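Notes follow once the structure below has been shown.
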Amino acid sequence: MSELIKKIRGEIEAKGIVSFAHFMELALYAPGLGYYECASQRVGRAGDFYTSVSVGSLFGELLAFQFAEWLKADACEKCQLVEAGAHDGKLAADILGHLQKFRPQLFERLEYCIMEPSGSRQQWQRETLAGFTGKVKWFDSLAALPAVRGVIFSNELLDAFPVHRIGWDAAAQQWFEWGVRCEGERFVWERMIEPAAKAVRSQTLQVPRELRAVLPDGFTTEICPAAAEWWSAAARKLEHGRLLAIDYGFLAEEFYAPNRANGTLRAYAQHRVCEDPLANAGEQDLTASVNFTVLQVMGELEGLKTEPLATQAQFLTRIFASTISEKGRFDEWTSARTRQFQTLTHPEHLGRPFRVVVQSR
Ligand SMILES: C[S@@+](CC[C@H](N)C(=O)[O-])C[C@H]1O[C@@H](n2cnc3c(N)ncnc32)[C@H](O)[C@@H]1O
């Protein structure tokens with residue numbers, strides 16, 4: 001039995017049951033033991049899943065081009081790009097490499113900040129970004145970050161935040177929470193008696209009254225208070241510029257579609273979806289789709305303005321069009337780079353499932 005599984009069992013045995021959010025927190029992030037703590041090669045061909053970053057450098061170059069267009073309007077001396085969920089630092093290297101080559105003046109006045117709570121991941125990032133020493137600063141929490149003029153962004157960060165898994169009790173017309181307990185050697189689901197988090201109760205209020213009447217008994221979904229809180233905190237840090245996240249997810253009402261009656265939680269290992277999210281703790285990724293409506297509302301409450309939600313295909317295609325009209329500011333479109341573009345934008349690959357939420361101040 002792995003050290004991580006022993007740790008999770010110890011916590012469950014002490015309490016009898018824990019929320020799935022707590023199980024997921026430990027499985028992914030228990031210091032020194034969790035899935036995202038132990039190896040940098042989780043993402044990409046040799047790992048468990050691909051992201052747009054692992055497709056190649058083009059994704060970072062397109063983002064860098066767009067960020068530069070946004071930042072050039074700001075006459076301020078210093079500006080910041082703040083990345084969260086930087087993992088092994090590859091996206092940061094792709095963005096900085098592009099800006100250094102094509103926007104040297106902006107590169108000079110730019111500070112690249114990485115928001116990274118984990119010491120192990122900071123270490124992987126420092127190794128990847130050794131060529132940009134002095135340009136990159138690390139912060140272990142949003143609270144530690146000074147006010148930002150620029151762009152705060154992430155790719156596939158919020159889908160990796162721990163979610164509460166909740167089910168609909170049609171008779172009682174309320175949500176209950178799914179917890180995790182031990183049964184022999186295994187972890188199993190069990191309905192919690194207390195609706196644990198305040199956030200779980202507030203989910204009831206988010207479901208439109210007409211939908212409550214028809215939502216089938218046992219309909220299961222996820223809520224992610226951690227993502228909502230993170231987004232609010234990031235919005236508060238943004239003095240001027242944009243807050244952007246690229247992730248798979250839906251608007252609030254899309255979560256209640258009949259084909260999502262079992263929610264969006266899934267586990268991945270070696271590029272396959274795994275049956276049981278409670279199995280192989282620490283050896284498989286756990287992820288759930290992001291609720292973009294919640295992010296938009298949280299940002300607006302902090303005074304941000306919401307831009308139209310775009311698919312990754314729409315967002316990157318617009319940037320592509322600008323790279324064509326702005327001559328000399330982008331690397332040549334070789335056949336290898338064109339293939340990357342197709343993977344990033346094809347509706348069956350990453351183009352449609354991923355969406356880009358942007359808010360500005
Ligand atoms: C799915 S991976 C995506 C990695 C990378 N952005 C990419 O697109 O290839 C999610 C990353 O977010 C990190 N992460 C999770 N919670 C975080 C937090 N609160 N702050 C910063 N990073 C976090 C995880 O450790 C992991 O490295």
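Assuming 1.306 mPa s and 10 °C, estimate D for region 169-319 with Stokes-Einstein, Rh taken as the Kirkwood radius over Cα pairs, in µm²/s. The Stokes-Einstein estimate is 90 µm²/s.
The trypsin sites (Lys or Arg not before Pro) of region 29-83 meeting both criteria, a DSSP state outside H, G, I, E and B (loop) and at most 12 other C-beta atoms within 10 angstrom of the site's C-beta, are Arg45, Lys78.
Once C-alpha pairs closer than 8 Å and six or more residues apart are averaged by separation and normalised to the residue number of region 1-88, the relative contact order reads 14 percent.
Using only side-chain charges placed at the Cβ, +1 for Lys and Arg and -1 for Asp and Glu, the dipole size of region 64-137 relative to its Cα centre rounds to 120 debye. Scaled against 2.2 N^0.38 Å for its residue count N, the alpha carbon radius of gyration of region 47-99 is 1.25. Extents of region 272-361, largest first, come to 51, 40, 21 Å (Cα atoms, principal axes, whole angstrom). Look at the dipole of the chain built from charges on Cβ: of Asn155, Ile193, Ala279, the Cα furthest out on the positive end belongs to Asn155. Distances between placed amide hydrogens fall under 5 Å for Phe49 paired with Gly44, His271, all partners being 5 or more residues away or on another chain. Projecting the Cα atoms of Leu301, Trp333, Pro353 onto the charge dipole of the chain (Cβ charges, centred on the Cα centre) puts Trp333 farthest toward the positive pole. A cut-off of 5 Å between modelled amide H atoms, ignoring neighbours fewer than 5 places along the same chain, links Arg355 with Asp247, Tyr248, Gly249, Gln312. In 5 Å bins starting at zero, report the fraction of Cα pairs in region 1-131 per bin as a rounded %. Reading the bins upward from 0: 2, 9, 16, 17, 15, 12, 10, 7, 5, 4, 2, 0.
Once both labels are positioned 7 Å from their Cα atoms along Cα-to-Cβ, the gap between Lys137 and Lys72 label points is 2.6 nm.
With θ taken as phi - 60° and the Karplus curve 6.51 cos²θ - 1.76 cosθ + 1.60 applied, the whole-hertz 3J(HN,Hα) list for region 139-156 is 10, 8, 7, 5, 4, 7, 7, x, 4, 10, 10, x, 10, 9, 9, 7, 10, 6 Hz, x standing for glycine and proline. Here the chain is assigned +1 on the Cβ of each Lys and Arg and -1 on the Cβ of each Asp and Glu. Its dipole about the Cα centre then comes out at about 760 debye. Look at the Cα gyration tensor of region 267-322: its axes a ≥ b ≥ c give a/c of at least 1.5 with a/b at or below b/c, and that counts as oblate. Taking every lysine pair in the chain that is 8 or more places apart or spans two chains, those with Cα atoms closer than 22 Å amount to 22. Across region 272-361, the relative contact order, built from alpha-carbon pairs under 8 Å that are at least six residues apart, equals 41 percent. Normalised by the number of residues in the chain, the mean separation of alpha-carbon contacts (under 8 Å, six or more apart) gives a relative contact order of 20 percent. Note on Asp247, Asp285, Asp217, Asp331: ascending count of other Cβ atoms within 10 Å places them as Asp217, Asp331, Asp285, Asp247, the fewest first. Considering every alpha-carbon pair of the chain, the percent of pairs per 10 Å bin, from zero through the bin containing the longest distance, is 5, 23, 33, 25, 11, 3, 0.
Between Val214 and Tyr50, the simple spin-label model (points 7 angstrom out along Cα→Cβ) gives 3.7 nm. Among the GluC sites (Glu not before Pro) in region 108-152, none is located in a DSSP loop while being surrounded by at most 15 other Cβ atoms within 10 Å of its own Cβ. Filter the chymotrypsin sites (Phe, Trp or Tyr not before Pro) in region 1-106 to those in DSSP coil with at most 16 other Cβ atoms within 10 Å of their Cβ, and list the result. Filter output for region 1-106: Tyr50. Each helix, a run of at least 4 DSSP H residues, gives -39500 (n - 2.57); summed and divided by the residues of the chain, these come to -11000 deg cm²/dmol at 222 nm.
No lab work stands behind these numbers, since they all come straight from the coordinates. Treat the numbers as computed from the prediction; the structure is a model and nothing was measured. Heads up, the Cβs are rebuilt from the backbone with ideal geometry, glycines too, and the neighbour counts pull from every protein chain shown.
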